[in-house]
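The structure appears below as structure tokens.
Nothing in this text is a laboratory measurement; each read-out follows from the coordinates by a stated rule. Everything numeric here is computed off the predicted structure, so don't read it as measured data. Here the Cβ positions follow ideal geometry from the backbone for every residue, glycine too, while neighbour counts run over all protein chains shown.
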Amino acid sequence: MLERALAGSAIEESMSAPAVLPLAAERLVFEAGGRRLIDGISIVLRPGLRSVVMGPNGAGKSLTLRLLHGLLRPSGGRILWDGRPLDRAAQLRQAMVFQRPVMLRRSALDNLLHALRARGVPRRACGSRAQAALERAGLEGQARTPARLLSGGEQQRLALARALALAPEILFLDEPCANLDPASTLVIETLIQQAHDEGTKIVLVTHDLGQAKRLADEVIFLHRGRLLEQSPAARFFDRPASPEAEAFLAGRIVL
Amino acid sequence: MQDFGAAFGLAFGLIAAGDADLLEIIGLSLRVSVSAVVAACMIGLPLGAGLAVIRFPGRGVALVLLNALMGLPPVVVGLMVYLMLSRAGPLGDFGLLYTPSAMIIAQTVLVTPIVAALTRQVVEDLHAEYDEHLRSLALRRLEVARTLLWDARYSLLTVALAGFGRAIAEVGAVIIVGGNINHVTRIMTTAIALETSKGDLALALALGIVLITLAVLINGAVMTIRASAARTAYA
């Protein structure tokens, strides 16, 4: 009953509902196929800062994001949302954008409506919110276009607009611009910036150093499934604390 | 050979003239098979979607059984439904044996496993693609199944048509539970069997031509739907 009430008004109450941040991971471990891929990561993500997760390929950036978002179950350790384990209320306050956007076999507009209805937004409110999200992403002309016929950049803009339409308190982005042209990347970064300005906590995985410098307030540097540092962006780019981060920033191959 | 040619001539004559008996038989065939496919979809679509998204102990065995049931011999289905509906059977009181309802039930039993098994496959493939997004939205199972069923709509339409093809063409089940009674339970396939054995090739051929035409039309429809779905990237 309570659960349903929360689901039904998740977004309307997002101003008044208890916050789910800070998000804290404690000694997070994830193993698959007998290999320890995430090895004891402890981290606290606070509201207001844009956190950028960096590290060489295979460092466990995407895995960490999926563990935090609740898409994967950790093999050890725990994740606390403002001191509480993940519950439905916390699930409904977050959203994620994937490297390869998942587009439903529907029009762009219907992709937005589906997500809004899934989160329990009242039907009458869905239309105007979906429209606003389309305009924000510069896709109002493509409302009726089948989403899977949009270009790669348009699809990613739609995926981001869809996530932001849910008014999440925290937004996870897993290399959203990995395969995009510069113009689309600019639109995506502008949308991320706007969301940040409106109070959404941003957690972004990227291995584009330029993007990290443009967007990061703090950098979380992972290497081989371990957290090597979590530092303010300026300090990280200026004086990285670990030799691995220094090598990574210098463009050397980090083993 | 001349008989054969004459039979063809008569057959086309019957079709062209819109022979009353012929139309009655075609009408009943369509009514029975369409009803059976609708019923099979009402059971098989949710069942297949459920099997695709819910993990439970014994699921592997259930899938093997379901896939095996796709190949159920129609005469065996006819026999089972006959036993259920016969005077002494558990459903004997309804007096359904030798009625179109019995034929619909038999074809539903025949087609449901086909619809369910193919739906399971289609929905599971789509689920693999959508899984992370749907879990990110924190959708409940029922909503996941509904989303997947809708997004797989074009593939599922071809699943339903495959089921219809099976139903309209089978003879073993309906002849056992329907009895091939003239003006009551005589449909295309049972009529072909009977008329051929009586030597009335004209009606048998006319029905055969209609049946084949239907098969061609259905396949044409499937291909058209698939092509238009591909154009919009909805398939």
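So which of B:Ala145, B:Ala138, B:Ala230 is within 14 Å of chain A (Cβ to nearest Cβ) and either touching a strand residue (DSSP E or B) at 6+ places or on another chain (Cβ under 6 Å) or not in a helix (DSSP H, G or I) (or both)?
B:Ala138
So for segment B:163-176 (the condition being of a type in the set (A, V, I, L, M) and more than 16 Å from the chain's Cα centre (by Cα)), does at least one residue qualify?
yes
Is one or more of the residues making up segment B:166-188 away from chain A (no Cβ under 14 Å), free of Cβ contacts under 8 Å to residues at least 24 places away in the same chain and under 28 Å from B:Leu83 (Cβ atoms)?
Yes, there is a match, as at least one residue in segment B:166-188 is away from chain A (no Cβ under 14 Å), free of Cβ contacts under 8 Å to residues at least 24 places away in the same chain and under 28 Å from B:Leu83 (Cβ atoms).
Exactly one condition in (1) buried (at least 18 other Cβ atoms within 10 Å of the Cβ); (2) within 14 Å of chain A (Cβ to nearest Cβ) is false for B:Ala206; which is it?
In the conditions (1) buried (at least 18 other Cβ atoms within 10 Å of the Cβ); (2) within 14 Å of chain A (Cβ to nearest Cβ), B:Ala206 misses (2) alone.
Among the residues of segment B:110-129, is there at least one that is of a type in the set (Asp, Glu), buried (at least 17 other Cβ atoms within 10 Å of the Cβ), within 14 Å of another protein chain (Cβ to nearest Cβ) and more than 23 Å from the chain's Cα centre (by Cα)?
No, because not a single residue in segment B:110-129 is of a type in the set (Asp, Glu), buried (at least 17 other Cβ atoms within 10 Å of the Cβ), within 14 Å of another protein chain (Cβ to nearest Cβ) and more than 23 Å from the chain's Cα centre (by Cα).
Applying the selection to segment A:165-186, what residues are more than 30 Å from B:Ala229 (Cβ to Cβ) and assigned to a helix (DSSP H, G or I)?
Residues satisfying the conditions are A:Pro182, A:Ala183, A:Thr185, A:Leu186.
For residues that are among the hydrophobic types (A, V, I, L, M, F, W, C), in a helix (DSSP H, G or I) and without any contact (Cβ under 8 Å) to a residue 40 or more places away in the chain, tally how many sit in segment A:130-152.
Summing the residues that are among the hydrophobic types (A, V, I, L, M, F, W, C), in a helix (DSSP H, G or I) and without any contact (Cβ under 8 Å) to a residue 40 or more places away in the chain in segment A:130-152 gives 5.
Give the number of residues within segment B:1-22 that are surrounded by 14 or more Cβ atoms within 10 Å (Cβ to Cβ) and not hydrophobic (A, V, I, L, M, F, W, C).
2
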